[in-house]
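Reading through the structure tokens given below for one structure.
The values are calculated or read from the model by the stated rules, or taken from the named source; none is laboratory data. Computed from a predicted model, the values in this text were never measured in an experiment. Because the Cβ atoms are built from the backbone with ideal geometry, glycine has one as well, and the counts that use them run over all protein chains shown.
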Amino acid sequence: MADCIFCKIASKEAKSKTVFEDETVIAFRDLDPKAPEHILVIPKKHVESINDFKESDKNLAAHILVDVIPKIARDLKISEKGYRVVINTGDDGGQTVNHLHFHILGGRSMTWPPG
Ligand code: 5GP
Ligand code: ZN
């Protein structure tokens, strides 16, 4: 999608520190990390938010959750101590980039509830 920074990262028009990539998904380091490990996992195709996942995206959603996120956590060696996966959605959810992204945050202890 034109002017979407994460579409530009997916198409390599914009640079990112990529930690994982396959046909449908790319994961890269957050520009402004909120934890020692802070990765964003995105579908390469433009999906605005989790509200916009379609029936036909079930394989993609499962791929991200079942394959990609746990693999990245293993690679970063945060699987055992734990980590947090966050999907900010819409204004109240604090979403600032309107291309669906899964935050993986780790390398420190998290607090609850979130702000
Ligand atoms: P949100 O607030 O929408 O859940 O998260 C957006 C995240 O994207 C933020 O943590 C922000 O630091 C990150 N971000 C915004 N623009 C860029 C960028 O151009 N490159 C990278 N790597 N991260 C970005
Ligand atoms: Zn996009």
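Do the conditions hold for VAL85, that is, is it out of contact with any strand residue (DSSP E or B) (no Cβ under 9 Å at 6 or more places or on another chain) and either modelled with pLDDT of 95 or more or assigned to a helix (DSSP H, G or I) (or both)? Write out each step before concluding.
Numbers: out of contact with any strand residue (DSSP E or B) (no Cβ under 9 Å at 6 or more places or on another chain): no; either modelled with pLDDT of 95 or more or assigned to a helix (DSSP H, G or I) (or both): yes.
Answer is no for this residue.
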- Task: Exactly one condition in (1) without any contact (Cβ under 8 Å) to a residue 40 or more places away in the chain; (2) part of a loop (DSSP other than H, G, I, E, B); (3) of a type outside the set (D, E, K, R); (4) within 16 Å of ligand 2 (Cβ to nearest atom) is not met by ASN98; state its number.
- Result: (1)
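Going through ILE87, ILE9, ILE39 one at a time, which residue ends up being farther than 22 Å from TRP112 by Cα and either within 14 Å of ligand 1 (Cβ to nearest atom) or in contact with a Phe, Trp or Tyr (Cβ under 7 Å, 6 or more places away or on another chain) (or both)?
Working: ILE87 fails: farther than 22 Å from TRP112 by Cα; ILE39 fails: farther than 22 Å from TRP112 by Cα.
That would be ILE9, the only listed residue that is farther than 22 Å from TRP112 by Cα and either within 14 Å of ligand 1 (Cβ to nearest atom) or in contact with a Phe, Trp or Tyr (Cβ under 7 Å, 6 or more places away or on another chain) (or both).
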- Can you name the residue in segment 58-84 that is among the charged types (D, E, K, R) and away from ligand 1 (no atom under 16 Å from the Cβ) and, of all such residues, is surrounded by the fewest Cβ atoms within 10 Å (Cβ to Cβ)? GLU80
- Query: What number of residues in segment 14-36 are farther than 23 Å from ASP91 by Cβ, of a type in the set (D, E, K, R), outside any strand (DSSP E or B) and within 11 Å of ligand 1 (Cβ to nearest atom)?
  - Reply: 2
- Query: In segment 22-41, what residues are within 16 Å of ligand 2 (Cβ to nearest atom) and farther than 16 Å from LEU100 by Cβ?
  - Reply: LEU31
